[in-house]
Each structure stands twice: as structure tokens, then as C-alpha cells.
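Below: one structure, written as C-alpha cells.
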Amino acid sequence: MDKHGILELTQMRYEPDRPKASNPIKIQDLSFRDGHQSLFATRGRTEDLLHVAELMDQVGFYSMEVWGGATFDTMHRYLGEDPWERIRTLKKYIKNTPFSMLLRGQNLVGYQNYADDVVETFVQRACDNGIDIFRIFDALNDFRNFQTAVKIVKANGKHFQGTICYSLTEQRMGGEIYNIDYYVAKAKQLQEMGADTICIKDMAGLVAPYDAFNLVKALKANVNVPIHLHTHFTSGMGDLALFKAIEAGVDIIDVCTGPYAYRTSHPAVEPLVISLLGTNRDTGFDIKLLNKIGKEMEKDIPKYLQFADNTKFSIIDTDVIIHQTPGGMLSNLVNQLRQMDALDKLDDVFAEIPKVRKELGQIPLVTPTSQIVGIQAVNNALFDTKDGEYARITEQVKDLCYGLYGKTTLPIDPEVQAKALVGYPKGETPITCRPGDVIPPAMEQVKAETAGLAKDIDDQLIVALYNLTGKKFLKIKYGIEPMPEDMKPTTMEDVKREADLIAKAKAGKLVEKPEAPAKPEDARSFDVFVDGTYYLVEVAEKGGTPRVVSSRPEPVAAAKPAPAPVSTPKPEPVKSAPAPMPVISTEGGESITAPMPGMLVKYEKKPGDKVSVGETVLVLEAMKMYNNIPSPVEGIMGDTPLAAGANVSKGDILAVIKPA
């Protein structure tokens, strides 16, 4: 009764400085990266992380995951923050705990495989800026996509954590594909590559407790390096899986602090700390310190609730066993459908995901394959008129079918592959070599493109990974363009104002503002100063001729020495509204509108070009995937009024096709 697997009961001790356990479980905290990525679409800001950074450093975590994943993209695209600066800033406050990052192999922190010189430069700069542990994975578990990154990690004496993406084809581990033999074989490959630790990355919370136990036992029996388990709480099994893994002898586990835990995030650390007291696997953590950290974190959470998935009350998602969508992808998917006014299609999308996944080779669902499958499922649900039509195939699905992401677990459906590769610019015959071998070097071109804009190699890498949004960010960073309002942080004052408005609306106290009449020509202007703030106020008589109701001369004051001249306060500049969409004449032509909110990548046709029905006329980025927008008619391409990088809303007119 006193032993459960390798876990043994020992003397119960509660004090913070209790004796160290004989085999303590090592714990990596993910709150600063995957926690807010899973719950709040990666919108966590550095300024809020700093509120608890020094306290987190006192806990005794094995490591803290602070970077990688979607942080690089979200920070420069939505938050107006330099992702490189986050590492350097956190290092000033967290001096004792190693920093970990999530690296997507040849994808780095993007959504496509990059050239070897980009990979080498990026990983080197991550080492230089302060990353200690590199959790490297490939979405297809094609370890050829590790080779370039691992070479640089090892050359810098950093920690290479080889990672296997956990996936299922059934509700439990087993079957012909994702079984114990599959994972053991992959682990042996990673050990041969020189992995310092091996991580099982369960990005959707699919691993069941007894499967976790058996898998860890099998891995410990077949490889010599420490085993690390990463799982999400999405299905509700996360806590249970970690416990059985601890009993089986797992060396390291991933958790989040309470406010950033559960739902689509990870199990919380606090219950594990208490549960493991009096065992040989006691964490040694101080529960009172963790409680203090949690209360501090709670103060900033209201700023991010707008990004939370509030489509249902339950904190678990049993559907995940079927659609297997990772937590971060799930929150982004809900966010995108909400922007498209298509949240009612969520169930249709979930029904499409397993079908699309199977047709694309039964691949694991983790960034970027989760986005590739997810967005194609959205396109199928919204635009297909019949099952299996694939009316709008994203550029990334075409790249996958060509082989640019690597080898899929099973062969891609031949019909889907052939349809995707029709007219594909690199050729219609898929490749079988390592993807990096066919991607030409890119850094010299990036340096030339960013001359006069990028100040250093880190700036250049932002553009190398995210060309359009990277350049836009650098212009904001260096004051060439103003920071858009939606990039600026939400403050607690903003949260309070919104809460007050909602409370008034519920109480029926909000009165609709009347529409302003046209300003009369005889409106008079007044300079008004209130508490040192200047206002320009224009006043017009409501009706009749203005009357002087009282008039008396101003008393004559005694002569005083002339005061020193005082500069008149100038009115604050009015914040500029976002630039309106150009007005496009649709007269005598067929308009092409944005089917979803996103960003214009490029026009494929120039004004005056002939266009056939179904031919791609422009490319729109939505949820980081490129969507080819076809012409509904035959004709001549009209004006192309938008610039690359322009943000568009659903329904905006992007182009017009004129009759031939």
C-alpha cells in the first residue's frame, strides 16, 4: 500500500525547507509561454510577466518555458513588442532558473520550413540572447527537419530536448500507427541524434492515464536519457496522466501556475505540490509562495479575458478526443470564426478536421500542421458546396502535398494531392528529400531587403520569418509609422470602463447619443482650459438671435509688473483613425470581396490582365495561412488599390473583374 509504481510514501513534512526527496519530480513551468498561448491566444505582455518574474525565480522550477511557439509571431504582429527583447528583459529578473523555448525544427517559430542559413542564424541568436534549453519538434515527427537546428544548439553547449509529437487515430493509444512501438522507435532515433532529454509532447491533452504509465515505462526501459511529459488539460485527463507518469518514473513534467492552468492549458502546479507531499517524489516547493504568485497573476488576467474561449461553460472539451485540436489552435480557431461572424460553424469545422487530417496523411496536429488542417477545415466548412470538394486550398496545404514539410505519417490521399498540385509553381511531382535541401539560402536577400530599416541581425530575422508583418513592425519600432491603437495594451482602467458600461447597459441606464446636426457657419470657437488641459469648444446658438444677458465693465486692476511670457498650451493632437478602405468602383464589373478578415499578401494579377473563372487573383492571409482568392467570372482585372500588408475585414471589396 505504500508503493505505487516507483512512487513510495515517506514521512509527511510540510515546512518549506523540508528535507529533499530521494527522487523529486522535476517541474518546468509554462505560464510565460504555453499557458497564455493556450488560454489567451498568446496575448500575454512582457510588462505583466514582470509582475511575478522574480517570485517565479524563487520557486525552484527545473526550467521555465518563456519563448518560442507562437510568441514570436504574436508579439511583433499584435502586441508591438520586439520578441528578442523579451528574452533579454526576463533574464534581468529571472537569474537562477534556466530558460526553455519551443522550436519547430526547420519551421523555427513560423509556419513553413525555412532555408538552412535562416535556421542557423536564428538558433545562434536564440543562444546568444539567453535560451538554455531547446525543445525541438517537427510537426510530422520527421527528424530530418531537426538536423540543422541541433547542430547549432550542440555547438553552443546548450541543451537539446528531442521531442515526439503525441498523436492518436483512436480514442486511446494503439492501433496500427500511433502505438508504443512507434514512440519507442522515435525515442531511439532521438537518442542517436544526441538528445539530452526526450519529451513526449501531447499538445491536445489526448494521453490517457494508463497509456501515460505504459508509455513512460516503455521509454525508460529502452532509452537512457531523462523523459519529459508535456500534456494539456483540454480533455480533462491532464492531472491524471501526469500522476500515472510520475508513478511510472517520468523525470520531468510540465505545469502552469493556477491562473494560467486548466481548460485548454495545462495541469496546475499547486495540487501536484500538495499531492506529492510525503512521497519520494515530493517537489520541495513552497505552496504559500505559489499561492502568492497566483494572486499576483490574477490582477492582470482581466486584461486578457477578451481572448478567452467563452463559447461554453465546461472547462473540459470531450470533443478533443475526436478533433484533436491543440489548446493554442483551439483558442485561435474560435477567435477567427468570431471575427468572420461564423462562430455558428464551429461544429461543422470540428466535423471537417478529422476528415481533412486523414486525407492529408493522418498527420499529428501541432503547429503548423494544426493550422494547416484547421484552416483547410474552415475553408471546406464555409466554401465547399459538396463533400470533399476542397474549393479553396491554402498555399500551405499545397506545400504539404508537395513535400515541403517533410514525410507524412501515411501517404496523402492521391486525389487531394493531385488537386492541390495543379499548377503548383515548384512542380506537380512531390519531393521525397529533406525539405531544407531544396530551399535556397535567404539571409543575404533579407539583408538587402531590410537595408535602412533593420538595425541588427535580430531585426533581419524578424523579416526573414515574417516578411510583411516583420517590416511593418520594424517601421513601428523605429517610429517610421505610428503604433495602431489595437496594438496598444489594454489597461485595468480600460477594463473597468468596459465593465461600468456593461453594468449600465444591463441596468438600462445607457441612453443612445443623438445624431449630431450639421455644424452652422456662425458657430463660435472658444479656448477652454480645465485643470491645465486645453479644449477647443465650438458653440452654436440653438435658436433665435444671441442676447447679451449681463454686461459690465471689468474692474481696473492696479498696475503690476509685466509677467514673464507664458506659452499657450497647445491642444493635444487628435488620434488618427485607421485609414479607410479605398473606394473601388464596382460599376459594370464583378466585385471580389474578402471572405474572412485577414491581411492582403499580394495580387496575382495586374490591372488589365485577362482572368479566367476560378483563377487566383489575390492571396489573403488568415490565421497565418495563405488563402488563394479566385475570380468568380471571366474578364479583365480592374484596379489593385491595396498595398501588400493591408488589413481587411470580411466583406471588404478587394478587386473588381471587368467584362472582357
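Descriptive notes on the structure:
- Environment charge at residue 446 (Cβ cut-off 11 Å; Lys +1, Arg +1, Asp -1, Glu -1): -2
- Rounded FRET efficiency, nearest 0.05, which uses the C-beta distance separating residue 306 from residue 483 and R0 of 25 Å: 0.85
- For peptides 397-409, 486-498, 265-277, sequence by mean Cβ density within 10 Å, most packed first: 397-409, 265-277, 486-498
- Formal net charge of residues neighbouring residue 256 (Cβ-Cβ distance under 9 Å; K, R +1; D, E -1): -3
- For the listed residue pairs 426/605; 299/506; 92/472; 426/602; 91/472, the alpha carbons are over 23 angstrom apart in 299/506; 92/472; 91/472.
- Violating pairs (Cα-Cα greater than 22 angstrom) within the set 358/650; 217/355; 151/186; 154/188: 358/650; 217/355
- Estimated FRET transfer efficiency (residue 222, residue 315; beta-carbon r; R0 45 Å; 0.05): 0.80
- Point-to-point label distance, residue 527-residue 432, nm (Cα→Cβ direction, 7 Å offset): 8.2
- In the chain, a dipole from Cβ-located charges (positive for Lys and Arg, negative for Asp and Glu) runs towards its positive end, and of 212, 629, 370 it is 212 whose Cα lies farthest in that direction.
- Sequence-distant residues sharing a close amide H with residue 602 (under 5 Å, placed H): 619
- The slack in the chain from residue 419 to residue 475, taken as 0.36 nm per residue of separation less the alpha-carbon distance, amounts to 16.2 nm.
- When the Cα positions of 179, 258, 388 are compared along the charge dipole of the chain, 258 comes out farthest toward the positive end, with charges on each C-beta of Lys, Arg, Asp and Glu.
- Beta bridge orientation in the chain: antiparallel %, DSSP, nearest 5: 50
- Two-site label geometry, residue 54 and residue 295: point separation in nm, points 7 Å out along Cα→Cβ: 1.8
- With the simple model of a label 7 Å out from the Cα in the direction of the Cβ, residue 124 to residue 343 spans 4.7 nm.
- Calculated from the structure at hand, Rg and Dmax of the Cα atoms in Å is found among [x] 28.8, 101; [y] 25.0, 84; [z] 26.7, 115 as [x].
- Pairwise centroid distance, computed over Cα atoms, of the stretch 486-506 with the stretch 197-231, Å: 43
- Extension gain (nm, one decimal) between residue 93 and residue 593, 0.36 nm per residue minus Cα-Cα: 175.2 nm
- Here the gap between residue 191 and residue 518, fully extended at 0.36 nm per residue and compared with their Cα-Cα distance, gives a gain of 110.2 nm.
- Counting only Cβ charges, +1 for Lys and Arg and -1 for Asp and Glu, the dipole size of the chain around its Cα centre is about 980 debye.
- Computed packing ranks the peptides 515-525, 642-652, 235-245 as 235-245, 642-652, 515-525, most packed first, by mean other Cβ atoms within 10 Å.
- Peptides 171-178, 248-255 ordered by average Cβ neighbours within 10 Å, highest first: 248-255, 171-178
- Neighbours of residue 234, meaning other residues whose beta-carbon lies under 15 angstrom from its beta-carbon, give a summed charge of -4 when Lys and Arg score +1 and Asp and Glu score -1.
We did not get these values from a lab; they are worked out from the coordinates using the rules stated. Since we're looking at a predicted model, the values are computed, not measured. Reconstructed Cβ throughout: ideal geometry from the backbone, glycine too, with neighbour counts over all protein chains shown.
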